[in-house]
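Everything on this sheet refers to the single structure shown next.
The values are calculated or read from the model by the stated rules, or taken from the named source; none is laboratory data. Source: prediction; values computed, not measured. Every residue, glycine as well, gets a Cβ built from its backbone with ideal geometry; the counts of neighbours run over all protein chains shown. Note: areas computed on protein heavy atoms with side chains; ligands, DNA, RNA excluded. Shrake-Rupley method; radii C 1.70, N 1.55, O 1.52, S 1.80 Å.
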Amino acid sequence: LTNIDGILSESSNISPGNLFHLYNSVQFDDLQSIISVSIKVEESTLCVLIVYQNGPYPLLTKDDQQLLESFSDQVSIVLRNSNLYQNLKKQNDLLIQRDTIHNSLIKLSLQSKGLQKIANEIKRMINHPLMIVDLTDDQLYSSPTPWKAELPSELIKINTKLPTQSFFTESYNSQSLYIHPIIAIDVPIGIMAVEMEEDDLFPLNKMIIEQASSVIALEIIRKQTLVDSYYQKTN
């Protein structure tokens, strides 16, 4: 833009907040020309580069515009690479955390600490009250003990067809519960209920619950195998 009328016209739809910053950063008294170039990453405008020229007459040209557009492309590449790096770093951090969580829970299982110790460890990791229901023998393991929430009765009846996917529900006192089934060979053998709102289900919390469900399934199967073996020896 090479005249003040065009500049004012193009600036008319700027938000009040941006106008405040604009008027406090540029002297419009002898403004002659500007170049405004958007910087986009994946078709989304992240920022705008604006060069203002003051003086007695306009100096900025189309060549200057092309130069700034080329520069904006370079900035866009840098921002895209930065976003990719940050995403990879987050994924790598999650993988490291997943391994740490898995090793911690597996260690408890290998040491035969039992479901109560596993429930306590999960509670420590996600900082939300939870309950594990072992449907093979109708045993409940909660952390803290006793747990103030209560599972909807239809979820802990063995004869009821249980869900195979996680979902949110409410207990009798309107507390929000995240229900995660414990699956073994496509058969629900237990339930893990975590007292939390949907906004609390962060990626890390979800990963902890998913990792824990596999360890819980192994622990239930191991316990049931020991019981079966004991009965066989007794017979």
Seminar exercise, completed: Projected onto the charge dipole of the chain (unit charges on the beta-carbon of Lys, Arg, Asp and Glu, signs +1, +1, -1, -1), the Cα from Ile132, Asn54, Asn13 with the largest positive-side position is that of Ile132
Exercise. Phe202 accessible area, nearest 10 Å², 1.4 Å probe?
Worked result: 110 Å²
For this session: Scan around Ile183 for amide H atoms under 5 Å from its own, H built in the peptide plane at 1.01 Å from N, and keep only partners 5 or more places away or cross-chain.
Result: Ile189
For this session: Determine the relative contact order of the chain: mean sequence separation of Cα pairs under 8 Å and six or more apart, normalised by residue count, in whole percent.
Result: 13 percent
Exercise. Rg to Rh ratio, the chain, alpha-carbon atoms and Kirkwood radius?
Worked result: 1.31
Problem set entry | For the chain, the longest site-free run once GluC sites (Glu not before Pro) in DSSP loop states with at most 15 other Cβ atoms within 10 Å are removed | 44-149
Seminar exercise, completed: SASA check, Leu8, accessible area w/ 1.4 Å probe, all protein chains in place, rounded to nearest 10 Å², comes out at 100 Å²
Exercise. How about Lys113: which aspartates and glutamates have a C-alpha closer than 13 Å to its C-alpha, ignoring those fewer than 8 places off in the same chain?
Worked result: Glu121, Glu219
Exercise. How much of the accessible area of the chain, in percent, comes from carbon and sulfur atoms when a 1.4 Å probe is used?
Worked result: 52 percent
Exercise. What value, in deg cm²/dmol to 500, does the helix sum -39500 (n - 2.57) over DSSP H runs of n ≥ 4 give at 222 nm once divided by the residues of the chain?
Worked result: -16000 deg cm²/dmol
For this session: Give the long-range amide H neighbours of Leu177: residues separated by 5 or more places, or on another chain, with amide H under 5 Å away, using H modelled in the peptide plane at 1.01 Å from N.
Result: Thr169, Glu170, Ser171, Met196
Exercise. Given a 1.4 Å probe and the protein chains all in place, what does the accessible area of Tyr57 round to, in Å² to the nearest 10?
Worked result: 140 Å²
Exercise. Which FRET efficiency value, to the nearest 0.05, is calculated for Asn18 and Gln97 with the Förster distance at 35 angstrom and r the Cβ-Cβ distance?
Worked result: 0.35
For this session: Compare the Cα positions of Ile39, Ile77, Gln111 along the charge dipole of the chain (+1 at Cβ of Lys, Arg; -1 at Cβ of Asp, Glu; about the Cα centre) and return the one farthest towards the positive end.
Result: Gln111
Problem set entry | Magnitude of the charge dipole, region 60-142, Cβ model with Lys/Arg +1 and Asp/Glu -1, debye to 20 | 420 debye
Exercise. Structure shown: which of Lys107/Lys223; Lys123/Lys223; Lys90/Lys117; Lys89/Lys117; Lys89/Lys123 lie over 24 Å apart, alpha-carbon to alpha-carbon?
Worked result: Lys90/Lys117; Lys89/Lys117; Lys89/Lys123
Seminar exercise, completed: Counting only protein heavy atoms and rolling a 1.4 Å probe, one gets per residue an accessible area for the chain in Å² of 64 Å²
For this session: Would you give the gap between the C-alpha center of region 51-72 and the C-alpha center of region 172-195, rounded to a whole Å?
Result: 62 Å
For this session: Only Lys, Arg, Asp and Glu count, each charged at its Cβ (+1, +1, -1, -1), so figure out the dipole size of the chain about its Cα centre, rounded to 20 debye.
Result: 1380 debye
